[in-house]
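Read the structure below first, then the notes.
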Amino acid sequence: MDKLLAACPADLPPLDARSRLRRAAGLTQQQVAHAIGVQYQQVYRWEQGAAEPRGKRRAAYIKLLQALANRHPEVALGP
């Protein structure tokens with residue numbers, strides 16, 4: 001099963017889940033931005049759907065959101 005999951009590219013969670021996960025962890029957009037290497041406005045745009053992260057930043061953002069979803073599964077599943 002691990003090989004199958006590894007072969008499937010990870011994708012971003014739905015827009016509404018992105019900010020919910022961040023807030024559940026008590027993180028600000030500034031903290032997320034600093035960890036990924038962007039300005040906080042970019043995180044805002046990603047959460048609003050006005051822009052999509054690309055390349056290494058996309059991978060880092062997905063990794064962060066997946067870790068937050070593992071810590072807060074009730075938030076990841078939505079209301």
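Couple of notes before you dig in:
- Extension gain, ALA51 to ASN70: 0.36 nm times the residue separation minus the Cα-Cα distance gives 4.4 nm.
- Each label was represented as a point 7 Å from its Cα along the Cα-to-Cβ direction; for LYS63 and ALA35 these points are 1.1 nm apart.
- About its Cα centre, the dipole of segment 22-79 is roughly 220 debye, where the only charges are +1 on Lys and Arg Cβ and -1 on Asp and Glu Cβ.
- Solvent-accessible surface (1.4 angstrom probe) belonging to LEU64, in square angstrom, nearest 10: 50 Å²
The values are calculated or read from the model by the stated rules, or taken from the named source; none is laboratory data. Here the structure is a predicted model, which means the values were calculated and not measured. Here Cβ is always computed from backbone atoms with ideal geometry, including for glycine, and neighbour counts include all displayed protein chains. The accessibility values were calculated without ligands, DNA or RNA, using every heavy atom of the protein model including side chains. Shrake-Rupley method; radii C 1.70, N 1.55, O 1.52, S 1.80 Å.
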